[in-house]
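To keep things clear, I will list the structure first and then write my remarks on it.
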Amino acid sequence: MSNPSNTAVSSPTRYESPGHPGPAGGRGSEFSARLPPATGQGERMNDEAVNPSPSARPQAQRKILVVDDNRDAADSLALLLRLMGNDVRVARDGASALALAPEFGPAVVLLDIGLPGMDGYEVARGLRARPELTGVVLIALTGWSQDEDRPRSHEAGFDHHLIKPVDIGALQALLSAR
């Protein structure tokens with residue numbers, strides 16, 4: 001981080017904040033880290049490690065649509081799914097999801113139930129009504145975890161119901177089964 005020559009030599013990185021003045025301020029923070037060399041003392045990182053050849057990059061395993069109004073949650077999940085080799089699109093609301101899904105043609109939709117306006121149940125019913133989306137796997141990814149929520153999501157057309165924060169192992173297992 002603090003070594004601009006991009007060599008693999010270990011160097012400490014330190015960040016300090018004195019805090020803010022005032023009645024609640026004054027208590028700062030200090031962070032430091034020492035990272036070991038990545039490939040050996042003094043060696044430069046090779047270009048292949050930074051920019052892998054196309055054959056070394058993961059290939060898209062499946063198309064996944066993430067639907068969540070929480071920008072941070074949706075973008076973080078999308079990034080993780082892309083790092084796993086998937087082709088991912090994000091919709092922030094139900095209407096956008098219904099518009100994007102037919103053109104994108106996802107194999108899997110990870111759908112928050114608690115969306116503003118059109119909730120995830122209505123979106124799931126709308127996706128199930130589209131003939132071009134026959135066979136899409138709908139996974140509720142929600143904070144709704146009461147006993148009545150799972151049967152209700154099944155009735156709306158969801159195949160699976162996962163609770164936030166998602167267990168990545170459980171999600172990977174569901175995706176691998178497809």
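Around the Cα centre of region 58-176, unit charges on the Cβ atoms of Lys, Arg, Asp and Glu (plus for the first two, minus for the last two) sum to a dipole of about 360 debye.
Taking 7 Å steps out from each Cα toward its Cβ at residue 164 and residue 150 produces label points 2.0 nm apart. Which of rounded, prolate, oblate describes region 58-176, given a ≥ b ≥ c as roots of the alpha-carbon gyration tensor eigenvalues and a/c under 1.5 marking rounded, otherwise prolate only if a/b is larger than b/c? Because its axes are fairly even, with a/c under 1.5, region 58-176 counts as rounded. Taking other Cβ atoms within 10 Å as a rough exposure proxy, 83, 127 sort from fewest to most as 83, 127. Measure out, as a whole number of angstrom, how far apart the alpha-carbon centroids of region 76-140 and region 146-166 sit. About 15 Å separates the Cα centre of region 76-140 from the one of region 146-166.
Ordered by the count of other Cβ atoms within 10 Å of each Cβ, fewest first, 158, 104 give 104, 158.
Every number in this text was worked out from the coordinates using simple rules, so none of it is lab data. Just so you know, these numbers come straight off a predicted model, no measurement behind them. Note that each Cβ is placed from the backbone with ideal geometry, even for glycine, and that neighbours are counted across all protein chains shown.
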